[in-house]
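Before any comments, here is the structure.
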Amino acid sequence: MTGGDAGVRVAAVDLGATSGRVMAGTVTPATLSLEEVHRFPNGGVRAGGALFWDVLGIHREMLVGIAEVARTGRLDGIGIDSWAVDYGLLDRDGQLLGNPYSHRDTRTDGVMARVLEQVGADEMYAVTGLQQLPFNTIYQLVAARGTAALESADSLLLLPDLLGYWLTGEVGAERTNASTTQLYDVTTQDWSVELAKRVGLPWAVLPPLRDPGSVVGPLLPDLAEQVGADPGTPVVAVGSHDTASAVVGVPAEGDDVAYISSGTWSLVGLELDRPVLTEAARLADFTNEGGVDGTIRFLKNVMGLWVLSESVRQWQHERVAGADLATLLDAAAGLTPLCTVVDINAPRLLPPGDMPARIRALAHEAGEPVPQTPAEVTRTILDSLALAYRRHLRSAAELSGRSFDIVHVVGGGSQNHLLCQLTADALGVPVLAGPAEAAALGNVLVQARALGADLPDLAAMRALVRRTHELRRFEPRPGLDWDAAEARVVRGGG
């Protein structure tokens, strides 16, 4: 163990759907710092009519970043977090059976409905506590039934665990990510073998579970030599679902707080001691995901800034003038608020494509004024996101019997000041924005504790974030009728 006044310095691999980064994180009793040493683009790769992840490319870029951390100073540990639900399959020799699918691939279309005919939605929620999303791992696996890959598989590894396997040779599943598969019993905190059997899945592929903060194993000798690390450098299981790491990095003080982890997806909710498995929570489609230190992330998945980033990509593809994000946000800020609102969680907004056209179609179908310019579409997206945050955070509080008097926004969306202000306005409570790199910070903090740093609990970790990172506060502004705007979305089918 390292720890002590000298602190620890680790590599935090933080993977998003559109980019990945490797950060050098340093923790001492008085400091918590991050330095980005390597960033690389990421995204789905379409081949043979399907959408995959270039996981070997991610592995290669991850090693480049780890080597840079080692080159520039001590390397005491390595941790990996990423998005949830997607996986790779290993054969009995430990070799990868094909490219991992992206959850945005269409192979799961219609699968959820078929599965819920076998296992009732109420029964499934009582076991897994998860929001019904068509791309959950269980539905991806049902879609793969009968394929050569699944029939030949010996182990299933979620993406952070697959990358960790290539670093250590150790097979396992970290619990915060396992809890997103809809094959995990949120009460017993173990795989639900019975559920896997019910839907015809080979349950033996589910690997042993590990807790966040446990050491996966030492870096393989050849890789240690390749990246310039000391032999035996530990790979630590962090909150490998990036939202689990991001919630660790929320600089909250006390219990009466809500959070929004704002990025490609927006995860909006509360941190609880136990799951909420009521029928009302199921009907509201709330999810109970595992967090660090046995906590529960009671939240709702909202489509997030994916809709805006895809819109920007479309406008830039069309060579529309002024289609950079800063210009769009400046222009959107000057437009009439709540002119057009749509259901930002509409299923058609999930796959890549011409997002502005889809937003206009949603508005037209709902009887809303149809946004025409890029600035109008941008304002529609942001107003609709703020409205969704309002609706779902209020529901989370009601369903859990909790209250909140402040909302923390972390992740990349914390730098979108217009969205943060609209969120404060919509909810009528202050918003504290930052840090943007909450997932990487949570990754670093869990590693540091595992390596001996004096961070006994989440409260100590969050106190260190507050002492070392500047936050921006947004006070709510009165004057807009958010109730009426919400009624318009409900009438439009949202």
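The values are calculated or read from the model by the stated rules, or taken from the named source; none is laboratory data. Just so you know, these numbers come straight off a predicted model, no measurement behind them. Neighbour counts are summed over all protein chains in view; Cβ atoms, including those assigned to glycine, are modelled from backbone coordinates with ideal geometry. Surface areas here come from the heavy atoms of the whole protein model, side chains and all, with no ligands, DNA or RNA. Shrake-Rupley method; radii C 1.70, N 1.55, O 1.52, S 1.80 Å.
Among the GluC sites (Glu not before Pro) in the stretch 285-343, those placed in a DSSP loop whose Cβ has at most 14 other Cβ atoms within 10 Å are Glu318. With K and R counted +1 and D and E -1, the other residues having a Cβ less than 14 Å from that of Met124 yield a net charge of -3. The phi torsions of the stretch 192-201, fed into the Karplus equation with coefficients 6.51, -1.76 and 1.60 and a -60° offset, translate into couplings of 8, 4, 4, 5, 4, 5, 4, 9, x, 9 Hz, rounded to whole numbers, with Gly and Pro shown as x.
State the Cα centre-to-centre distance between the stretch 421-494 and the stretch 216-253 in whole Å. If we compute the Cα centre of each part, the gap is 24 Å. Per residue, the average separation of C-alpha pairs within less than 8 Å and at least 6 apart gives the stretch 265-318 a relative contact order of 43 percent.
Express the carbon and sulfur contribution to the solvent-accessible surface of the stretch 307-402 as a percent, rounded to the nearest whole number, probe 1.4 angstrom. Looking at the stretch 307-402 in its full context, I get 53 percent from C and S. Short-range pairs are left out: with C-alpha atoms under 8 Å and at least six residues apart, the relative contact order of the stretch 125-240 is 29 percent.
Can you bin the stretch 167-215 into rounded, prolate or oblate? Criterion: square roots of the alpha carbon gyration tensor eigenvalues sorted a ≥ b ≥ c, rounded for a/c under 1.5, prolate for a/b above b/c, oblate for the rest. Judged from the Cα gyration tensor, the stretch 167-215 comes out oblate (a/c at least 1.5, b/c at or above a/b).
Note that the chain presents 38 Å² accessible area per residue, ligands and nucleic acids not counted, probe 1.4 Å. Please work out whether the stretch 193-277 counts as rounded, prolate or oblate from its C-alpha gyration tensor, where a ≥ b ≥ c are the square roots of the eigenvalues and a/c under 1.5 means rounded, while otherwise a/b larger than b/c means prolate and anything else oblate? Oblate is the answer for the stretch 193-277, as a/c is 1.5 or above yet b/c matches or exceeds a/b.
Applying a DSSP loop filter and a limit of 16 other Cβ atoms within 10 Å to the trypsin sites (Lys or Arg not before Pro) in the stretch 130-233 leaves Arg145. Once divided by 2.2 N^0.38 Å, the Cα radius of gyration of the stretch 405-494 becomes 1.41. Taking the Cα centre of each part, how many Å lie between the stretch 23-46 and the stretch 378-416? Using only Cα atoms to place each centre, the spacing works out to 26 Å. Identify the trypsin sites (Lys or Arg not before Pro) of the stretch 37-100 meeting these criteria: DSSP loop state and at most 10 other C-beta atoms within 10 Å of the C-beta. Listed in order of number, the matching sites are Arg92. Only alpha carbons enter this Debye calculation for the stretch 56-106, each as an equal point scatterer, and the log10 of I(q)/I(0) it gives at q = 0.29 Å⁻¹ is -1.16.
Computed 3J(HN,Hα) for the stretch 383-399, one whole-Hz value per residue from the Karplus formula 6.51 cos²θ - 1.76 cosθ + 1.60 where θ = phi - 60°, is 4, 5, 5, 4, 5, 5, 4, 4, 5, 7, 5, 5, 5, 4, 5, 5, 5, glycine and proline marked x. Express the carbon and sulfur contribution to the solvent-accessible surface of the stretch 69-137 as a percent, rounded to the nearest whole number, probe 1.4 angstrom. Roughly 47 percent of what the probe reaches on the stretch 69-137 is carbon or sulfur.
Phi-derived couplings, Karplus 6.51 cos²θ - 1.76 cosθ + 1.60 at θ = phi - 60°, listed residue by residue for the stretch 357-370: 5, 5, 4, 5, 5, 4, 4, 4, 5, 8, x, 8, x, 7 Hz, with x used for Gly and Pro.
When +1 charges are put on Lys and Arg Cβ atoms and -1 charges on Asp and Glu Cβ atoms, the dipole computed for the stretch 252-373 relative to its Cα centre reaches about 500 debye. Normalised by the number of residues in the stretch 288-398, the average gap of Cα pairs under 8 Å and 6 or more apart makes the relative contact order 31 percent.
Could you let me know the centre-to-centre spacing of the stretch 160-179 and the stretch 323-356, using Cα atoms, in angstrom? Value for the Cα centre distance between the two parts: 36 Å.
Of the solvent-accessible surface of the stretch 437-494, computed with a 1.4 Å probe over protein heavy atoms with every protein chain present, carbon and sulfur atoms account for 48 percent. Near Ser19, the amide H atoms lying under 5 Å from its own belong to Asn42; only residues 5 or more places off or on other chains count, and H is placed 1.01 Å from N.
Under the rule a/c < 1.5 gives rounded, and otherwise a/b versus b/c splits prolate from oblate, where does the stretch 303-359 land using the Cα gyration tensor? Verdict is oblate for the stretch 303-359. With semi-axes defined as the square roots of five times the eigenvalues of the C-alpha gyration tensor, the equivalent ellipsoid of the stretch 134-212 measures 19, 16, 11 Å, largest first.
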